[in-house]
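Participant: Here it is, the structure, as structure tokens.
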């Protein structure tokens with residue numbers, strides 16, 4: 001049986017129904033592919049959106065930041081909307097109206113909770129580092145009690161939300177296919193560049209595999225689950 | 001004199017002050033570099049974030065979508081928060097705590113307005129297409145009155161907000177530089193792939209220059225302003 005989120009009033013898609021997905025497999029794949037996210041919250045009735053990195057553990061998404069962060073203080077025990085969107089391409093159609101983008105996105109709704117327990121907090125942050133860079137955490141100078149205190153960690157249970165995916169070429173009006181207009185897709189993707197070692201690295205310290213072989217989303221899929 | 005936005009209570013940066021920028025040149029450069037944005041708004045007291053494309057004309061940012069869109073209806077004459085964020089790299093430090101990302105982001109606040117006048121609406125949408133693909137709009141089947149009616153166009157005056165930029169290598173605790181840990185930056189960038197022509201393109205229709213030479217942000221900087 002496919003494990004899916006319920007379709008609620010705020011998570012159902014008003015338009016483009018075929019592009020909507022509620023199964024966890026699709027939602028998780030998008031969350032795991034792109035750590036960059038936007039967290040929306042409300043302060044004094046007004047909307048705020050903060051870019052940050054998210055990571056997933058099972059049916060929870062987490063993000064973190066400075067304990068001094070206004071966004072993290074506002075998000076605690078408050079309603080948030082977490083959005084991840086990946087631009088996969090520009091879709092050039094035969095009319096301006098039918099131009100579009102290929103993309104994968106996830107929108108999650110819920111009440112954020114703060115992870116207070118230092119042991120759990122450290123475990124989550126370890127997972128965050130190792131999720132991006134498999135095995136890196138064990139090589140690092142351990143986080144101190146002060147480091148942990150200065151870090152606020154928020155989580156959200158993945159229980160309300162949806163994914164939206166658009167792929168493929170343009171969908172033009174049938175009559176427009178007779179026009180001599182170039183249509184198609186310009187693909188967009190994220191490229192990882194050559195790592196830049198810190199000039200203060202000690203002599204003889206080799207570039208680790210998690211840097212040499214770095215790939216977005218790789219750790220989650222291949223090494224941890 | 002540098003043209004800058006005022007520093008308001010919600011746009012000032014609580015932390016990392018040196019990373020904050022309020023001058024229009026910096027803000028505009030980030031908006032022009034990345035059309036993908038997240039628009040935050042409030043419905044019935046709850047936060048919503050919708051990914052969409054934005055474009056800039058002078059001191060205004062615009063975005064559009066279906067007139068049936070809940071996000072666009074909610075955003076009209078309502079407070080919104082428009083966020084653009086570009087991930088430039090992962091910063092690997094010698095402790096988990098000092099890991100970071102290099103990024104450029106802009107956060108704008110204000111009340112969205114709807115562009116109702118059909119002539120102005122068409123002009124803005126033309127600019128949107130030509131901003132991404134210089135000269136393309138003139139080649140297309142013109143938008144119909146129905147196309148325009150089905151499109152809602154929202155705008156936001158760029159008058160409150162800020163940019164935040166982090167670049168360079170890790171900033172570790174001085175003592176940690178003595179540790180034999182690889183530190184540095186893994187750069188991330190957006191790559192444009194080879195265009196994929198629609199199989200239904202007519203024979204002899206050549207790939208236009210705005211497709212062959214497509215580059216994100218190029219049109220704004222070089223051809224229109």
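Participant: Could you tell me which of the residues B:56, B:24 is in contact with a helix residue (DSSP H, G or I) (Cβ under 7 Å, 6 or more places away or on another chain) and within 22 Å of residue B:216 (Cβ to Cβ)?
Facilitator: The match here is B:56.
Participant: Additional query: Could you count how many residues in the range A:145-158 are modelled with pLDDT under 95, outside any helix (DSSP H, G or I) and surrounded by fewer than 17 Cβ atoms within 10 Å (Cβ to Cβ)?
Facilitator: So the count comes out to 1.
A quick yes/no check of all residues on (1) within 7 Å of another protein chain (Cβ to nearest Cβ); (2) under 22 Å from residue B:36 (Cβ atoms):
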{"position": "B:96", "(1), (2)": "yes, no"}
{"position": "B:101", "(1), (2)": "yes, yes"}
{"position": "B:108", "(1), (2)": "no, yes"}
{"position": "B:120", "(1), (2)": "no, no"}
{"position": "B:123", "(1), (2)": "no, no"}
{"position": "B:127", "(1), (2)": "no, yes"}
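Participant: OK, next. Condition test on residue B:108, is it farther than 22 Å from residue B:158 by Cβ and within 13 Å of the chain's Cα centre (by Cα)?
Facilitator: Answer is no for this residue.
Participant: Search the range A:172-217 for residues being without any contact (Cβ under 8 Å) to a residue 24 or more places away in the chain and in contact with a helix residue (DSSP H, G or I) (Cβ under 6 Å, 6 or more places away or on another chain), and hand back the single one that is nearest to residue A:100 (Cα to Cα).
Facilitator: A:195
Participant: Among the candidates B:46, B:121, B:114, single out the residue that is over 30 Å from residue A:135 (Cα atoms) and touching a helix residue (DSSP H, G or I) at 6+ places or on another chain (Cβ under 7 Å).
Facilitator: Just one listed residue meets the conditions, B:121.
Participant: Consider residue B:9 against the criteria (1) away from chain A (no Cβ under 12 Å); (2) free of Cβ contacts under 8 Å to residues at least 24 places away in the same chain; (3) under 30 Å from residue B:168 (Cβ atoms): it satisfies all of them except one. Which criterion is unmet?
Facilitator: Only one criterion is unmet by residue B:9, namely (1).
Participant: Answer with yes or no whether residue A:101 is touching a helix residue (DSSP H, G or I) at 6+ places or on another chain (Cβ under 6 Å) and either closer than 30 Å to residue B:132 by Cα or free of Cβ contacts under 8 Å to residues at least 40 places away in the same chain (or both).
Facilitator: no
Participant: Do we find that residue A:164 is under 22 Å from residue B:46 (Cα atoms) and either in contact with a strand residue (DSSP E or B) (Cβ under 9 Å, 6 or more places away or on another chain) or free of Cβ contacts under 8 Å to residues at least 24 places away in the same chain (or both) in this structure?
Facilitator: In short, yes.
Participant: Scan the range B:202-216 residue by residue and report those that are assigned to a loop (DSSP other than H, G, I, E, B), buried (at least 19 other Cβ atoms within 10 Å of the Cβ) and modelled with pLDDT of 95 or more. Reasoning before the result, please.
Facilitator: Residues of the range B:202-216 assigned to a loop (DSSP other than H, G, I, E, B): B:202-208, B:213-216.
Filter again for buried (at least 19 other Cβ atoms within 10 Å of the Cβ), leaving B:214, B:216.
If the condition is that a residue be assigned to a loop (DSSP other than H, G, I, E, B), buried (at least 19 other Cβ atoms within 10 Å of the Cβ) and modelled with pLDDT of 95 or more, then B:214 is the only one that fits.
Participant: Sticking with this structure for a sec: Being within 11 Å of chain B (Cβ to nearest Cβ), in a helix (DSSP H, G or I), on the phi < 0 side of the Ramachandran plot and at pLDDT below 95: is that true of residue A:176 here?
Facilitator: no
Participant: When residues of the range A:126-137 are filtered for being touching a residue at least 24 places away in the same chain (Cβ under 8 Å), part of a helix (DSSP H, G or I) and in contact with a helix residue (DSSP H, G or I) (Cβ under 6 Å, 6 or more places away or on another chain), how many remain?
Facilitator: First pass over the range A:126-137, keeping only residues touching a residue at least 24 places away in the same chain (Cβ under 8 Å): A:127-128, A:130-136.
Checking which are part of a helix (DSSP H, G or I) leaves us with A:127-128, A:130-132.
Now drop any that are not in contact with a helix residue (DSSP H, G or I) (Cβ under 6 Å, 6 or more places away or on another chain), which leaves A:130-131.
Residues that pass the stated criteria total 2.
Participant: Here's another thing I want to ask about it. Among the residues of the range A:40-52, count how many are in a strand (DSSP E or B), within 7 Å of another protein chain (Cβ to nearest Cβ) and free of Cβ contacts under 8 Å to residues at least 40 places away in the same chain. Walk me through how you get there before you give the answer.
Facilitator: Initial filter on the range A:40-52 (in a strand (DSSP E or B)): A:40-43, A:46-52.
Of the ones still in play, those that are also within 7 Å of another protein chain (Cβ to nearest Cβ) are A:40-42, A:46-49, A:51.
The next check asks that each one be free of Cβ contacts under 8 Å to residues at least 40 places away in the same chain; those that pass are A:42, A:46-49, A:51.
Here the count works out to 6.
Participant: Go through (1) within 11 Å of chain A (Cβ to nearest Cβ); (2) modelled with pLDDT of 95 or more; (3) more than 30 Å from residue A:196 (Cα to Cα); (4) surrounded by 15 or more Cβ atoms within 10 Å (Cβ to Cβ) and name the single condition residue B:164 misses.
Facilitator: Among (1) within 11 Å of chain A (Cβ to nearest Cβ); (2) modelled with pLDDT of 95 or more; (3) more than 30 Å from residue A:196 (Cα to Cα); (4) surrounded by 15 or more Cβ atoms within 10 Å (Cβ to Cβ), the lone unmet condition for residue B:164 is (3).
Participant: Sticking with this one: Suppose we filter A:47, A:35 for residues that are over 14 Å from residue A:107 (Cα atoms), at pLDDT 85 or above and buried (at least 16 other Cβ atoms within 10 Å of the Cβ); which single one remains?
Facilitator: Details: A:35 fails: over 14 Å from residue A:107 (Cα atoms).
Every option except A:47 fails the conditions.
Participant: Here's a follow-up. Quick one: which residue in A:180, A:118 is farther than 30 Å from residue B:138 by Cα and exposed (fewer than 13 other Cβ atoms within 10 Å of the Cβ)? Working first, answer last.
Facilitator: Details: A:180 fails: farther than 30 Å from residue B:138 by Cα.
Testing whether each residue is farther than 30 Å from residue B:138 by Cα and exposed (fewer than 13 other Cβ atoms within 10 Å of the Cβ) leaves just A:118.
Participant: Of the conditions (1) surrounded by fewer than 20 Cβ atoms within 10 Å (Cβ to Cβ); (2) at pLDDT 95 or above; (3) at the interface with another protein chain (Cβ under 9 Å from one of its Cβ atoms), residue A:78 clears all except one; give me its number.
Facilitator: (2)
Participant: Here are the criteria: (1) within 17 Å of the chain's Cα centre (by Cα); (2) part of a strand (DSSP E or B). Tell me which single one residue B:28 does not satisfy.
Facilitator: Looking at each condition in turn, residue B:28 falls short on (2).
The values are calculated or read from the model by the stated rules, or taken from the named source; none is laboratory data. Being a predicted model, the structure only gives us computed values, none of them experimental. In this analysis, Cβ positions are derived from the backbone assuming ideal geometry, glycine residues included, and neighbour counts consider all displayed protein chains.
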